[in-house]
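Student: My structure is below; once you've seen it, I'll send some questions.
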Amino acid sequence: MQNPFTTTFSKTPEYTYIHTEKTEEILENFVYENPSESVYKITGVRGSGKTVILAKVEEELKNNENRYINWLVFDVNPTRDILEQIAAMLVKAGFGSEEKKTTVEVEEMIQNVQKKGKKILIGIDEVSKSEEMIKFASEYGRWLRAGYPVYFVCTGLYENIQELCNVKNLTFFRRATTVKTEPLNMIRMTEMYRSKLNIDVSQARELAKITKGYAYAFQELGVLCFKKKENETLEDILSKLKSELFAYSYEKIWEEMTEMDRFLAGLLTEKEEYKRDEILKLMGEKAGSYSMYRDRLIKRGILNNRQGYVSLALPYFADYIKEYC
């Protein structure tokens, strides 16, 4: 039997997809004839399911024609000329005839889309502050002001989204709704493990707790358990899980953190949760920066904040810091 779990980044799990409220939050807006929100920024730590949310929104608008009527969905590559890609897609959809289009001609095609009563969703995965992205965003802002039915959903790491928000004249992007990925639901993870791994509920719940709701860990642990050999113990599998998380996720996450991000995270490795006063004491003379960096790490999906307690959000991230940083 084929392994139902997948650990390929940017790939939507076919058999082990877990629905989140964040997907429905976006789709609920697009079900209306005139959606109130035009732009969504999906952000979160690497491996937390940003791409999956975007892919599911695109998939629903493309395929669920009973609920979402008259949508054109353009999935665009941010590393190439974005406006040129949109022009080519409009031509392919029957709204133009020439291979290459100027920005004026692209606008004319969009006007034709509007006349036909259709709407356009532009989806871009992993945006960053690049020449292509700034050029597109500037043009899109003009389309927005003109009232064209063009909607934009993108994903990106918190710091990349913020950098783009700070570009002059991109006020619409700064004010756009931010959707932050959230931990996967414990019950849904448990049920998925129970059904796909053919184990009892208590075992499935134990596995789900280990992942802390981190999407990449959920899939990776599923892969390892599905491939489990007869003589392998749970400890053996968790050792492999840690190695995979460290090599393919945490190394990159740590590399992208600032020196102060690393300093604060490094103080939180000896126990599960810390009170504010405990952290301030550990920070010493740097305590004045606590709130700013705590908030940054929460927004990036690296810290959890619960009723006055702070903890590392990712499974075994404390072990990674202690062993490799």
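Student: If we restrict to alpha carbons, what Rg and Dmax does segment 183-255 come to, in Å?
Tutor: Rg and Dmax of segment 183-255, Cα atoms, are 12.2, 39 Å.
Student: Then there is this: Tell me, what is the per residue accessible area of the chain in Å², probe radius 1.4 Å? Show your work: numbers first, answer last.
Tutor: Values: 16800 Å² over 325 residues.
I get 52 Å² per residue for this part.
Student: Å³ per residue of the Cα convex hull, for the chain?
Tutor: Roughly 161 Å³ of hull volume per residue.
Student: Could you pull the accessible area for Y32 with a 1.4 Å probe, rounded to 10 Å²?
Tutor: Accessible area of Y32: about 130 Å².
Student: Taking all protein chains as present, what is the carbon and sulfur share of the accessible area of the chain, in % to the nearest whole number, probe 1.4 Å?
Tutor: 45 percent
Student: Another one. Quick one: which of 47-58, 302-313, 118-129 comes out on top by average Cβ neighbours within 10 Å, and what's the full order, highest first?
Tutor: Details: 47-58: 23.9, 302-313: 15.9, 118-129: 20.2.
Per-residue Cβ counts within 10 Å, averaged per peptide and sorted highest first, yield 47-58, 118-129, 302-313.
Student: Considering segment 256-324, what Rg and Dmax in Å follow from its alpha-carbon atoms?
Tutor: Every Cα atom of segment 256-324 included, Rg and Dmax give 10.9, 30 Å.
Student: Tell me which residues come under 5 Å, amide H to amide H, from T178 once H is placed; ignore anything under 5 positions away on its chain.
Tutor: When sequence neighbours closer than 5 places are left aside, the close amide H contacts are K41.
Student: Same structure again: Taking 8 Å as the Cα distance limit and 6 or more residues as the minimum spacing, I'd like the relative contact order of the chain as a percentage.
Tutor: 19 percent.
Student: For L121, list long-range residues whose amide hydrogen, built 1.01 Å from N in the peptide plane, is under 5 Å from its own amide hydrogen.
Tutor: For L121, the qualifying residues are L72, V73, F74, Y151.
Student: Moving on. For the chain, what does -39500 (n - 2.57) per DSSP helix run (n ≥ 4), summed and divided by total residues, give at 222 nm, in deg cm²/dmol to the nearest 500?
Tutor: My calculation for the chain gives -15000 deg cm²/dmol from helical runs alone.
The values are calculated or read from the model by the stated rules, or taken from the named source; none is laboratory data. Please read these numbers as outputs of a predicted model, since none were measured by experiment. Here the Cβ is made from the backbone with ideal geometry for all residues, glycine too, and neighbour counts use every protein chain on show. Protein only, heavy atoms only, side chains kept; ligands, DNA and RNA dropped before computing areas. Shrake-Rupley method; radii C 1.70, N 1.55, O 1.52, S 1.80 Å.
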